[in-house]
Every structure is written in structure tokens, then in C-alpha cells.
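Visitor: The structure under discussion is supplied below as C-alpha cells; questions concerning it will follow.
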Amino acid sequence: MSILGIDLGGTKLAVAVFGENGAVMYREVIALGNREGETVGELIKEQVKRYLTSEGRALAAIGICVPGIYRSKTGTVWAPNIPGWDDYPLLEEIQKVAGDVPVWIDSDRACYILGELWKGNARGCRDAVYMAVGTGIGAGILINGTVLRGADDIAGAIGWMALNKPFKTKYIPCGCFEYYASGKGMARLAGEIMEALPGYNGTLSQIGAKELTAHHIFSAYEQHDEVAIMVIKESIVFWGMAIANLISIFNPEKIILGGGIFGPAARFIPEIREEAKKWAQPVSVTKVILEQSEMGGDAAVFGAAYLALSNIKTPRSYEIQ
């Protein structure tokens, strides 16, 4: 028996065939290029048809991870980074080509924690959180062995955590936490700090504000750039506050830090832990394990496959292995 796992991102599609034990039998990554709307859906359908043909009856199920909100009641997807996917009928479209092979879809947040649950640092956990910090910020939340989805399938949208006051209209598009401490947010914060330091002529001043990325900030930090140091220190505070809130609300066994920023920010986990200790419930913060993702960029595609595998056995229940 094999499982097809598909991870749709904002710029690429990762596709992999897994054995029941999690062994990767085949994998490839396809750039989305200029595709949008229905053409992205067609690309996914093409891959499903391809693997159904090659795997035949051995393909037992298909799991798909999407970047945004999967509406489980309607089978539709809201994916803000894919133009035309405000309410895309992904389940219906994939079922047209999948035939009798069952299809399961969920958000990238859910698939991140499922990937870690299956083969990563959440193995053996019943209560764990995956905090993904990349271009945006989100969290996959496992409660008593089940992914928390919420009334409208939006649970885990922690980029909207209110971590600063007063409210500012600039928080509306992405939320307060994401505005400051995502990859884009770090670059944005660096720009704001440089504007307030007219005499600054450090490393980051050589890069245009529109070209500035988190990668530049981490690189400049290594060169002791004063703006990069300020951005990293501020980010540690925001990451620590958010983690403290997750600890206080959910009392998890582990919080796993992933996404493109962790990565280079993994070295700051001890400082982030110390910041979280200032804010979190004092007993639960001493119990939680805080660590980097073991799966890295593979978490979502593994999670998509595990979503499908688990639902073959017991719908919406994730076995602890």
C-alpha cells in the first residue's frame, strides 16, 4: 500500500509517494511559475492522474496540504498567496480524477504538526504545537492526539495574536504578531528602524528597502550590524511572548519551531525560552520542551501523507506511533 502526499505552497508543489511505514518511494518538487486559479488546480490534478497511473491499485489514499484555510464542510480552499483561490473547490476537482481513491485535505498548519507527529519531534506526543515562522506565521495545534481545527477551520492563525498596543491599522492585513516577527515582518521592522536612524550607514543601508529580506538581517547580524541586532532582539521578544501564550492556553508537551526562519533563528531558542518564561504560566512553562523542527521543509508533505493514512484507519484521529 502506498500514499500520495501533496504539499501546495505559494511558489511550488511538492509531491511524494510514501510507503505505509513512512518510507519515501518517490519525490519531486514543481515550481508553480506564473500559474494561478484553475491552472494551479490543473497542475495538482495532473500529478494525481500521473501517480494513479503509475501506482495503480497500490495507491490507497491521497493527502493534500494547502497554504491557507481548508473549509472541511464545503471542500473548498482559501489561499491568499494563490490568485483566484478565494473559494476554490479543490476536493471536488481532485475527486474527479481520483475515482475511488479517498482524498483528504487540510491546512499547512495542520500538516506541519502531523508531519512532526509521524516522523519528527512530536513523535509520542498527544499535546504539541508547531509554530511556523516564514513569510507568514501560523500554528498547528495537537490537543489530546487530535488536530485543533476550530468552528470555521481557522484555528492556529496566530499571526493575528495581539502582542502590542495600541491597535494600528497596519496590523489589519496580517495581524500584529506577523507584522513584526514573520520573515516579511523582520524586513519591515528593519526598514522602520532605519528610517528612525538617519545617521545609520551599516550593512543593511546598502540594500534597498524593497529588496530587504530576513536573510539579509541574519547575515548582517553576524557582522554586528546595529539595526540587525535590534531587529533580532525585538523578534525574540515577540516569539517568546507568543510561545508564552501558547503554553498558557494549551499546556503542550512540546512546542516545535519551524518554517524558513527556524532555520537561522534556531540558535536563539535559549533566549526565546527565557523570554517566554517571563510571560507564561509558571508551572507549564517549566514542563514544556521547546525545540527546532526535525522535519524542516519536509514536514508538510509528510503531514499530508499521514493525514490520508490516518483517515484510512480512523477518520480525523491521529495514532501516536
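The values are calculated or read from the model by the stated rules, or taken from the named source; none is laboratory data. Since this is a predicted model, take the numbers as computed values, not measurements. Quick reminder, even Gly has a Cβ in these numbers, built from the backbone with ideal geometry, and neighbours come from all protein chains shown. We work out accessible area using only protein heavy atoms, side chains counted, and drop any ligands, DNA or RNA first. Shrake-Rupley method; radii C 1.70, N 1.55, O 1.52, S 1.80 Å.
Visitor: Determine the shape class of segment 198-321: with a ≥ b ≥ c the square roots of the Cα gyration tensor eigenvalues, call it rounded for a/c under 1.5, and otherwise prolate if a/b is greater than b/c, oblate otherwise.
Guide: Working: a/c = 3.36, a/b = 1.64, b/c = 2.05.
Oblate shape, in that a/c is at least 1.5 and b/c is the bigger or equal ratio.
Visitor: May I ask you to derive the FRET efficiency for I143 and N201 from their Cβ-Cβ distance with R0 = 56 Å, giving the value to the nearest 0.05? Kindly include the intermediate steps, with their values, before the conclusion.
Guide: Working: r = 50 Å, r/R0 = 0.89.
Result of the calculation: an efficiency of 0.65.
Visitor: Hey, rough spin-label estimate for A151 and I30, points 7 angstrom out along Cα→Cβ, what's it come to in nanometres?
Guide: Taking the simple label geometry, A151 and I30 are separated by 3.9 nm.
Visitor: For segment 139-268, just say rounded, prolate or oblate: build the C-alpha gyration tensor, square-root its eigenvalues into a ≥ b ≥ c, call rounded for a/c under 1.5, and beyond that prolate if a/b exceeds b/c, oblate if not.
Guide: Details: a/c = 2.51, a/b = 1.84, b/c = 1.37.
Verdict is prolate for segment 139-268.
Visitor: Would you mind calculating the gained length between K73 and S54 on full extension (0.36 nm times residue separation, minus the Cα-Cα distance), in nm to one decimal?
Guide: Numbers: separation 19, 0.36 × 19 = 6.84 nm, distance 3.12 nm.
Computed gain between K73 and S54 is 3.7 nm.
Visitor: Ranking request for peptides 104-112, 182-190: highest mean number of other beta-carbon atoms within 10 Å first, then the rest in descending order. Present the calculation step by step, with values, prior to reporting the outcome.
Guide: Values: 104-112: 28.4, 182-190: 23.2.
Descending mean neighbour count gives 104-112, 182-190.
Visitor: Something else about it: Using a 1.4 Å probe on the protein chains only, how many percent of the accessible area of segment 1-92 belongs to carbon and sulfur? Walk me through the numbers before you get to the answer.
Guide: Working: 2060 of 4240 Å².
Answer for segment 1-92 is 49 percent, counting heavy atoms of protein chains only.
Visitor: When only DSSP loop residues count, what chymotrypsin sites (Phe, Trp or Tyr not before Pro) in segment 180-278 have their Cβ near at most 15 other Cβ atoms within 10 Å? All intermediate terms of the calculation are to be shown ahead of the outcome.
Guide: Numbers: sites: Y180, Y200, F218, Y221, F238, W239, F250, F262, F268; in loops: Y200, F262.
Those that pass, being in a loop and sparsely packed, are Y200.
Visitor: Can you give me the long-range amide H partners of E294? Hydrogens built in the peptide plane at 1.01 Å from N, cutoff under 5 Å, separation of 5 or more residues or another chain.
Guide: HN-HN under 5 Å from E294: N121.
Visitor: Could you check the spin-label model distance between K233 and M1? Points 7 Å from the Cα along Cα→Cβ, value in nm.
Guide: That separation, rounded to one decimal, is 5.5 nm.
Visitor: Here is a further query. Going by amide H atoms built from the backbone, whose H comes under 5 Å of the H on L59, apart from near neighbours?
Guide: Result for L59 returns S2.
Visitor: Which of the following values of Rg and Dmax of the Cα atoms in Å was calculated from the structure shown: [x] 20.1, 67; [y] 17.9, 52; [z] 20.5, 63?
Guide: Given [x] 20.1, 67; [y] 17.9, 52; [z] 20.5, 63, the calculated one carries the label [x].
Visitor: Give me the percent relative contact order of segment 1-102, please, defined on Cα pairs under 8 angstrom at least 6 residues apart. Let's see the in-between values first.
Guide: Values: 168 pairs, mean separation 28.0, N = 102.
Reported relative contact order: 27 percent.
Visitor: Of all trypsin sites (Lys or Arg not before Pro) in segment 230-282, which ones are in loop regions per DSSP and have a Cβ with at most 15 other Cβ atoms within 10 Å?
Guide: Details: sites: K233, K254, R267, R273, K277, K278; in loops: none.
Sparse-neighbourhood loop trypsin sites (Lys or Arg not before Pro): none present.
Visitor: By the gyration tensor of its Cα atoms, with a ≥ b ≥ c the square roots of the eigenvalues, what is the shape of segment 77-158: rounded for a/c under 1.5, prolate for a/b over b/c, or oblate? Write out the running numbers ahead of the final one.
Guide: Working: a/c = 2.14, a/b = 1.39, b/c = 1.55.
Oblate is the answer for segment 77-158, as a/c is 1.5 or above yet b/c matches or exceeds a/b.
Visitor: Which links in K170/K254; K165/K233; K12/K233; K168/K254 stretch past 23 Å when you go from one Cα to the other? Please list the in-between numbers first.
Guide: Numbers: K170/K254 32 Å; K165/K233 18 Å; K12/K233 32 Å; K168/K254 32 Å.
Pairs exceeding the cut-off: K170/K254; K12/K233; K168/K254.
Visitor: Now a separate question. How far is it, in nm, from the label point at N81 to the one at T39 when both lie 7 Å from their Cα along the line to the Cβ?
Guide: A separation of 1.9 nm, rounded to one decimal place.
Visitor: How high is the relative contact order of the chain, given as a whole-number percent (alpha carbon pairs under 8 Å, six or more residues apart)?
Guide: The value is 21 percent.
Visitor: Sticking with this one: Counting alpha carbon pairs within less than 8 Å and at least 6 residues apart, what relative contact order, in whole percent, applies to segment 142-281? List each step's numbers first, then the result.
Guide: Values: 126 pairs, mean separation 29.2, N = 140.
Dividing the mean separation by the residue count of segment 142-281 yields 21 percent.
Visitor: How much accessible area per residue does segment 159-237 have, counting only protein heavy atoms and a probe of 1.4 Å, in square angstrom? Please report the intermediate quantities before stating the final value.
Guide: Details: 4370 Å² over 79 residues.
Here the per-residue accessible area is 55 Å².
Visitor: Next up: Which of the peptides 129-137, 58-66, 41-49, 292-300 is most tightly packed, and how do the rest follow, judged by the mean count of other Cβ atoms within 10 Å per residue?
Guide: Details: 129-137: 26.9, 58-66: 23.1, 41-49: 17.6, 292-300: 20.9.
Taking the mean over residues of other Cβ atoms within 10 Å, the ranking is 129-137, 58-66, 292-300, 41-49.
Visitor: Treating the beta-carbon of each Lys and Arg as +1 and of each Asp and Glu as -1, no other charges, what is the dipole magnitude of the chain about its Cα centre, to the nearest 20 debye? Present the calculation step by step, with values, prior to reporting the outcome.
Guide: Values: 30 positive and 35 negative charges, 106 e Å.
That gives a dipole near 500 debye.
Visitor: For segment 54-142, report the accessible area per residue in Å² (1.4 Å probe, heavy atoms, rounded to an integer).
Guide: Numbers: 3160 Å² over 89 residues.
That works out to 36 Å² per residue.
Visitor: V285: net charge of surrounding residues, Cβ under 10 Å, Lys/Arg +1, Asp/Glu -1, itself excluded?
Guide: On the way: positive: R273, K277, K278, K287; negative: none.
Result for the local shell: +4.
Visitor: Another question, then. Expected output is a single nm value to one decimal: the length gained when fully extending between Q223 and R267, i.e. 0.36 nm times separation in residues minus the C-alpha distance. What is it? Intermediate results must be reported in sequence, preceding the final value.
Guide: Numbers: separation 44, 0.36 × 44 = 15.84 nm, distance 1.58 nm.
Once the chain is fully extended between Q223 and R267, it gains 14.3 nm.
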